[in-house]
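The values are calculated or read from the model by the stated rules, or taken from the named source; none is laboratory data. Just so it is clear, the structure is predicted and the values come from calculations on it, not from any experiment. With ideal geometry, Cβ positions are generated from the backbone for all residues, glycine too; neighbour counts draw on all protein chains shown.
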Amino acid sequence: MQIAKLFILFIIFVLSNLIGKMVAGKFRYRLEELQEMKNALSIFKTKIKFTYEPIPEIFGEISSNLHTNISKIFKNANEGMVTQSAGQAWEEAVRTSQNYMNKEDKNIMQMMGKMLGQSDVDGQISQIEVTEEFLNKQIEEAEKEKTKNEKLYQKLGTILGLTLVTILI
């Protein structure tokens, strides 16, 4: 009976540590996704500027080169352009995406859809550059949040686990 109790206490401690690490990981994943999105937009801008490929082809290529949640946004936007305009498909893909971006990040990404496919190459490039500037600010904010909160939640999980184990002993 004593071994079972110790085993359960150990499981409680391990689970609370894992929960703390999962919560802390959200800050790291958000930062990684924002950086990945910035890189993808840079590729998008370069392709528009120099290759003059249609937006659906560029989105398809970007989605096949990325292997994160960000690739799903480009893939869904590419698929949505069959029935919708480029801007509508992009906004829908960003809105319905399952990732670690917060609401403000998604709003910034959706803003890009307003001009997507609606203006000439220079207009689209300038809209992408504006979006990249906003993303830079979001990346700075995400880095600060990660630095501030990642260790906090990891330690909080450990302390919570130790507290529960102590109470249950």
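Residues in region 55-75 that are surrounded by fewer than 19 Cβ atoms within 10 Å (Cβ to Cβ) and polar (S, T, N, Q): Ser64, Asn65, Thr68, Asn69, Ser71. Testing Asp122 on (1) more than 17 Å from the chain's Cα centre (by Cα); (2) modelled with pLDDT of 90 or more; (3) charged (D, E, K, R), one condition comes back false. Which one is that? Against the list (1) more than 17 Å from the chain's Cα centre (by Cα); (2) modelled with pLDDT of 90 or more; (3) charged (D, E, K, R), Asp122 comes up short only on (2).
Are any residues in region 117-136 of a type in the set (S, T, N, Q), part of a helix (DSSP H, G or I) and in contact (Cβ under 8 Å) with a residue 12 or more places away in the chain, and if so, which ones? If you could, list the steps in order and put the result at the bottom.
Step one: list which residues in region 117-136 are of a type in the set (S, T, N, Q), which gives 118-119, 124, 126-127, 131, 136.
From what is left, the residues that are part of a helix (DSSP H, G or I) are 124, 126-127, 131, 136.
Passing the criteria: Gln124, Gln127, Thr131, Asn136.
Being among the aliphatic types (A, V, I, L, M), within 18 Å of Lys26 (Cα to Cα) and part of a helix (DSSP H, G or I) holds for only one residue in Ile159, Ile139, and it is Ile139.
Among Lys151, Lys146, which is surrounded by fewer than 18 Cβ atoms within 10 Å (Cβ to Cβ) and in contact (Cβ under 8 Å) with a residue 12 or more places away in the chain? It would help to see each step written out before you state the result.
Details: Lys146 fails: surrounded by fewer than 18 Cβ atoms within 10 Å (Cβ to Cβ).
Exactly one of Lys151, Lys146 is surrounded by fewer than 18 Cβ atoms within 10 Å (Cβ to Cβ) and in contact (Cβ under 8 Å) with a residue 12 or more places away in the chain, namely Lys151.
Residues in region 76-99 that are of a type in the set (Val, Ile, Thr) and surrounded by 19 or more Cβ atoms within 10 Å (Cβ to Cβ): Val94 alone. When you look at Asn102, is it within 28 Å of Ile58 (Cβ to Cβ), exposed (fewer than 15 other Cβ atoms within 10 Å of the Cβ), under 20 Å from the mean Cα position of the chain (by Cα) and not hydroxyl-bearing (Ser, Thr, Tyr), yes or no? No; evaluated as a whole, the condition is false for this residue.
When region 11-24 is examined, which residues are found to be touching a residue at least 60 places away in the same chain (Cβ under 8 Å) and either out of contact with any Phe, Trp or Tyr (no Cβ under 8 Å at 6 or more places or on another chain) or surrounded by fewer than 17 Cβ atoms within 10 Å (Cβ to Cβ) (or both)?
Selection gives Ile12, Phe13, Val14, Leu15, Ser16, Asn17, Leu18, Ile19, Lys21, Val23.
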